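Below is one structure; the comments refer to it alone.
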Amino acid sequence: MIKKILGFGAVLWDLSVNVDYSFLKKLNIKKSSYAEIDFQTINELLNLVESAGASVIENPGGSCANVMSNLAKLGSSASFCGRHGDDVAGRRFMNILKKDGVQTRSILDYQKSTGMVFSFITPDKDRTFRTYIGASDILPAESIDESMVKKADNIHIEGYLMSNSVEALWKIFEVGDKISFDLAAESLILKRRTELQKLMTAHPAFILSANIHEGRAFTQKEELEDVIDRMLDFSEIAVVTLGEKGAYGTTKNGELHFQPAIHTIPADTTGAGDSFCAGFLHDFLKSGDIKKGMETGTQTASLTISKIGARSLERKQLKHFIKES
């Protein structure tokens with residue numbers, strides 16, 4: 001049975017550019033870091049990149065939107081709700097999601113423009129992010145359509161919403177049935193960890209997912225086993241990804257599954273976690289089988305990192321997944 005999955009997240013355009021280590025050093029940017037910047041700064045970065053002769057690859061991004069796009073390509077019923085500017089960039093973003101098969105609901109901001117993310121890709125294929133969040137800085141609680149939330153079988157929320165949209169998160173968690181929450185950048189988790197844990201103590205998530213670095217920041221634990229155990233204090237299911245080392249899926253009743261990664265020469269690791277999340281949700285929500293969900297997530301992540309762009313998955317690559325839906 002196909003589940004209805006509703007996602008809440010930021011509307012952001014990814015600006016991917018290959019740079020060497022000296023470029024980041026020159027700008028005093030720490031490799032692998034994440035930071036939010038203003039409109040003026042992101043335009044200054046764009047000018048610097050262009051003056052350096054580097055080519056910028058533009059793709060629609062946003063963690064939750066990436067997940068919804070991939071879910072729709074896999075054959076799931078996916079919807080996305082996000083806030084963007086009253087501009088060409090925002091409308092184009094939503095139209096691309098529609099073409100992917102995602103139902104969309106726009107919340108317009110008439111003051112700010114649609115956001116952008118610079119993804120600096122170094123020779124080791126690692127990513128360094130500088131984000132102008134723009135119109136997606138706040139998802140107003142009053143903009144949440146409760147009836148829409150109640151109709152969904154599963155709600156998927158990206159962790160970046162915990163930045164300035166805590167009231168909206170409370171409303172979604174209170175109204176929604178089964179919620180999957182994907183943790184965000186470590187720096188943001190450290191700022192909002194207490195608030196987020198308070199929310200999930202009152203309203204535990206169905207699925208809580210993170211990479212190991214995010215998991216450590218959220219739980220304040222170092223060892224993998226301790227990270228997983230602590231995440232299960234706030235959810236029924238915990239999923240922790242370890243990059244090329246694979247991923248673990250666990251439940252409160254003691255079920256544990258380790259899924260090895262598929263060896264892949266990466267072209268770009270942007271969106272790997274989002275692609276894994278989509279594959280996992282697609283099969284797990286249908287079958288209730290963590291092992292199957294982890295296997296599909298690993299396969300979709302591998303396909304994604306083999307090309308440039310967080311939404312590089314194509315329907316023709318996913319025929320066998322769709323056939324089984």
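What to note about this one:
- If you filter the range 51-74 down to residues that are of a type outside the set (Asp, Glu), touching a residue at least 12 places away in the same chain (Cβ under 8 Å) and surrounded by fewer than 19 Cβ atoms within 10 Å (Cβ to Cβ), you find that the one that is farthest from GLY159 (Cα to Cα) is ALA52.
- Checked against the criterion of being over 20 Å from GLU58 (Cβ atoms), surrounded by fewer than 24 Cβ atoms within 10 Å (Cβ to Cβ) and of a type in the set (Val, Ile, Thr), the candidates THR269, THR298 yield just one match: THR298.
- Just one of the numbered conditions (1) under 30 Å from SER55 (Cα atoms); (2) modelled with pLDDT under 95 is not true of CYS277: (2).
- Looking across LEU169, LEU208, LEU188, one residue alone is in contact with a helix residue (DSSP H, G or I) (Cβ under 7 Å, 6 or more places away or on another chain), without any contact (Cβ under 8 Å) to a residue 40 or more places away in the chain, in a helix (DSSP H, G or I) and hydrophobic (A, V, I, L, M, F, W, C). It is LEU169.
- Hits in the range 10-49 - residues which are more than 28 Å from GLY85 (Cβ to Cβ) and in contact with a helix residue (DSSP H, G or I) (Cβ under 8 Å, 6 or more places away or on another chain): LYS30, LYS31
- Residue pairs meeting the criteria (Cβ under 6 Å; at least 6 apart or on separate chains; first under 23 Å from GLU36 (Cα atoms) and in contact (Cβ under 8 Å) with a residue 12 or more places away in the chain, in the range 99-121; second among the β-branched types (Val, Ile, Thr) and surrounded by fewer than 16 Cβ atoms within 10 Å (Cβ to Cβ)): none
- Tally of residues being in contact with a strand residue (DSSP E or B) (Cβ under 6 Å, 6 or more places away or on another chain) and surrounded by fewer than 21 Cβ atoms within 10 Å (Cβ to Cβ) across the range 110-126: 3
The values are calculated or read from the model by the stated rules, or taken from the named source; none is laboratory data. Every value quoted in this text rests on a predicted model; they were computed, and no experiment measured them. With ideal geometry, Cβ positions are generated from the backbone for all residues, glycine too; neighbour counts draw on all protein chains shown.
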